[in-house]
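A short worksheet on the structure shown next.
The values are calculated or read from the model by the stated rules, or taken from the named source; none is laboratory data. None of the values given here were measured: they were computed from a predicted structure. Note that each Cβ is placed from the backbone with ideal geometry, even for glycine, and that neighbours are counted across all protein chains shown. Surface accessibility is based on the protein's heavy atoms, side chains included, excluding ligands, DNA and RNA. Shrake-Rupley method; radii C 1.70, N 1.55, O 1.52, S 1.80 Å.
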Amino acid sequence: MRIEAFGVEEWMNTYEDDAKYNIAETCVESLTVSELLEMAGETDTFFQKLAGTKLTYGAIPGSAALRDEICGLYHTPKTAENVIVTNGGIGANFLSLFTLVEPGDEVVAIYPTYQQLYSLPEAFGANVHRMRLTEETNFLPDMTQLASVVSRKTKLIVLNTPNNPTGALFSEKMLREIAAIADKVGAWVHVDEVYRGLEHKMSYKIPSITDIYERGVATSSMSKVYSLAGLRLGWVTGPKDFIADCFKHRDYNIISCGMIDDALATMALRNRDKILARNLAIVNENVEILADWVEKTAGVSFVKPVSGTTALIKYETDMDSEAFCKKMFDYNGAFVVPGSCFEFEKHFRIGYAPKAEVLREGLAAISDFMKTL
């Protein structure tokens, strides 16, 4: 099977460990185990319970307690049969696409987005038609254009909202229109919802695609919204028959996730209001820091994000994005992601949800580098 190199992951793997100013990360400032236990009021009890835990495989689809908590994230009733737990959001996307896509299928992918969402279907032998979003529409889809790309042969529409890398947010009306376009041809809609909950002013107010469409599939994880990427725990939500089919494919990929990861994720979701309050405060403060920097910095512009943790920054220097980002990294250790990883040249992606002082220092480092150009 031929597959494209994963641009953003290769970039992160190559430079991340040596970065001095890391503002490429996409998670809200990570929680420590102690911080999570304190939020849950289990500082003195969790490790005592853990000491008596037998480290077997555990619940293969994810514990009933965890899947019940995941069901609570959606607007329409869900049961454990609608959810399967995976190794992170990336594992969730892989499992869903591995289950849905066969050689020769026609897939429509809306981008810029996480490369996995279109490179995997290509690797599985699908004919992938991409629809590019632009700054002129605030990185939101034109439904007339989408309807023209979708055909009677379309098996699947793939998208990501809240969006990485732009921070755009598809409204409920847009999701319903996408579902209607898919329904006309009997297509599925896969939505990577890994940033759902980080809508800056309306956390979880917009329904999931699984609340809207009978052939809707959603993926998510504990990484971005809940600051627990180290758990490597995600999930797929969808119709019961589809989830049952996912089990057949999952048996060839993963037996179960870790019991300790499962326990900590369950604890976090039971205390999600506390984590969301913390994390929304961080992103809402930091997006204003970023907007202020863009306004005061010559040669850069952006569409201000309204969700998530990332922004796509456009720069005016006559240099391709990988060269720009590598030269800046070599100059002072400021670390961002080239727009080329998302097929958007003369841009770079910034992750603006670390501690505020880390963001300020990173932006100052970018400014210092740009003065040399």
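Details
- Theoretical ellipticity at 222 nm over the chain - DSSP helices of four or more residues, -39500 (n - 2.57) apiece, nearest 500: -12500 deg cm²/dmol
- Rounded to the nearest whole Hz, the Karplus-based 3J(HN,Hα) values (6.51 cos²θ - 1.76 cosθ + 1.60, θ = phi - 60°) of the stretch 42-54 follow the sequence 10, 4, 9, 10, 4, 5, 5, 5, 5, 4, x, 7, 7, with x at glycine and proline.
- Chain lengthening between A298 and K346 when straightened (0.36 nm per residue, less Cα-Cα): 15.8 nm
- Gained length - A64 relative to D17, 0.36 nm times residue gap less alpha-carbon distance: 13.2 nm
- Taking max minus min of the alpha-carbon positions on each principal axis, the stretch 215-302 gives extents of 54, 28, 21 Å, largest first.
- For the chain, accessible area per residue (1.4 Å probe, heavy atoms of protein chains only), Å²: 42
- For the stretch 139-202 versus the stretch 298-373, the gap between their alpha-carbon centres in whole angstrom: 27
- Inter-centroid distance (Cα atoms) of the stretch 1-72 relative to the stretch 240-255, Å: 22
- Sequence-distant residues sharing a close amide H with I157 (under 5 Å, placed H): V108, W188, V189, H190
- Counted over the stretch 50-142 with a bin width of 5 Å, the fraction of Cα pairs per bin, in whole percents, is 3, 11, 15, 14, 14, 16, 14, 6, 3, 2, 1, 0.
- About the Cα centre, charge dipole magnitude for the chain (Lys/Arg +1, Asp/Glu -1 at Cβ), debye: 700
- Cα centroid separation, the stretch 203-222 to the stretch 97-128 (Å): 19
- For the chain, the Kirkwood radius over C-alpha pairs fed into Stokes-Einstein at 10 °C and 1.306 mPa s yields D = 75 µm² per second.
- For G125, neighbours were defined as the other residues whose beta-carbon sits under 15 Å from its Cβ, and their charges (Lys and Arg +1, Asp and Glu -1) total -2.
- Here the ratio of the Cα radius of gyration of the stretch 278-373 to 2.2 N^0.38 Å is 1.01.
- Bridge type composition, the chain - antiparallel percent by DSSP, nearest 5: 50
- Which of N13, F47, P77, positive extreme of dipole for the stretch 7-92 (C-beta unit charges): P77
- 20 Å Cα-Cα reach of K274 towards lysines, excluding residues that sit fewer than 8 places from it in its own chain: K201, K205, K224, K355
- Accessible area of the chain belonging to carbon and sulfur atoms, whole % at 1.4 Å probe: 50
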